[in-house]
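Colleague: First, the structure itself, so that you have it in front of you.
The values are calculated or read from the model by the stated rules, or taken from the named source; none is laboratory data. Just so we're clear, the structure is a prediction, and the values are computed from it rather than from any experiment. Reconstructed Cβ throughout: ideal geometry from the backbone, glycine too, with neighbour counts over all protein chains shown. Note: accessible area is taken over every heavy atom of the protein model, side chains too, but ligands, DNA and RNA are not part of it. Shrake-Rupley method; radii C 1.70, N 1.55, O 1.52, S 1.80 Å.
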Amino acid sequence: MPVGQRLRELRKSRKLTQAQVAAGINCTHAAYNRYENGERQPPMETLAMLADFFGVSLDYLYGRTPLSDSA
C-alpha cells in the first residue's frame, strides 16, 4: 500500500482534516494533499514527523508491517 494511502487511512480513522494534519506537522495544506494523493513523496524528516503525529512506525507508513502501532 502506498504511503499516501496509509496517510489517508490514518487521517480518516482519527477524523482529522488534511489541514489539521498539515498544521500538526508544520507544513502547508497543499503539500500534505500532494503526499496523500501520491503526487509527491514526503522527505524523510516529514515522514518521521507524520509517524510521530499518528503514533505509528515508519515501517507502517512504508507498508513494511501491517501493524499501525510502533511497539
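Colleague: Carbon and sulfur together cover what percent of the accessible area of the chain at a 1.4 Å probe radius?
Modeller: Working: 2130 of 4340 Å².
It is 49 percent, rounded to a whole number.
Colleague: How high is the relative contact order of the chain? Use alpha-carbon pairs under 8 Å, at least six apart in sequence, and give a whole percent.
Modeller: Working: 66 pairs, mean separation 23.3, N = 71.
Worked out over the chain, it gives 33 percent.
Colleague: Provide the per-residue ³J(HN,Hα) series for the stretch 45-53, in order, calculated from phi with Karplus coefficients 6.51, -1.76, 1.60 and θ = phi - 60°, each as a whole number of Hz, with x at glycine and proline positions.
Modeller: 4, 5, 4, 5, 5, 5, 4, 5, 4
Colleague: Can you match semi-axes √(5λ) of the Cα gyration tensor in Å to one of these, [x] 28, 19, 15; [y] 17, 13, 11; [z] 29, 11, 9, based on a calculation from the structure here?
Modeller: [y]
Colleague: I've got another one for you. If you count only protein heavy atoms with a 1.4 Å probe, what accessible area per residue comes out for the chain, rounded to a whole Å²?
Modeller: Numbers: 4340 Å² over 71 residues.
Heavy-atom accessible area per residue stands at 61 Å².
Colleague: Something else: Taking trypsin sites (Lys or Arg not before Pro) that fall in a DSSP loop and have at most 12 other Cβ atoms within 10 Å as cut points, what is the longest piece of the chain between them? Spell out each step's value before the answer.
Modeller: Numbers: sites that count: Arg14, Lys15, Arg64.
It runs 16-63.
Colleague: Based on the Cβ-Cβ distance from Asn33 to Ser57, what FRET efficiency comes out when R0 is 25 Å, to the nearest 0.05? Can you show the working numbers first?
Modeller: Details: r = 24 Å, r/R0 = 0.94.
So, using R0 = 25 Å, E works out to roughly 0.60.
Colleague: Measure off 7 Å from each Cα along the Cα-to-Cβ vector at Met44 and Asn26, then give the distance between these two points in nanometres to one decimal.
Modeller: So the two model labels end up 1.9 nm from each other.
Colleague: For the stretch 26-42, take each phi angle, set θ = phi - 60°, evaluate the Karplus expression 6.51 cos²θ - 1.76 cosθ + 1.60, and give the result in whole Hz per residue in order, putting x for glycine and proline.
Modeller: 6, 9, 7, 4, 4, 5, 5, 4, 5, 5, 5, 7, x, 6, 9, 9, x
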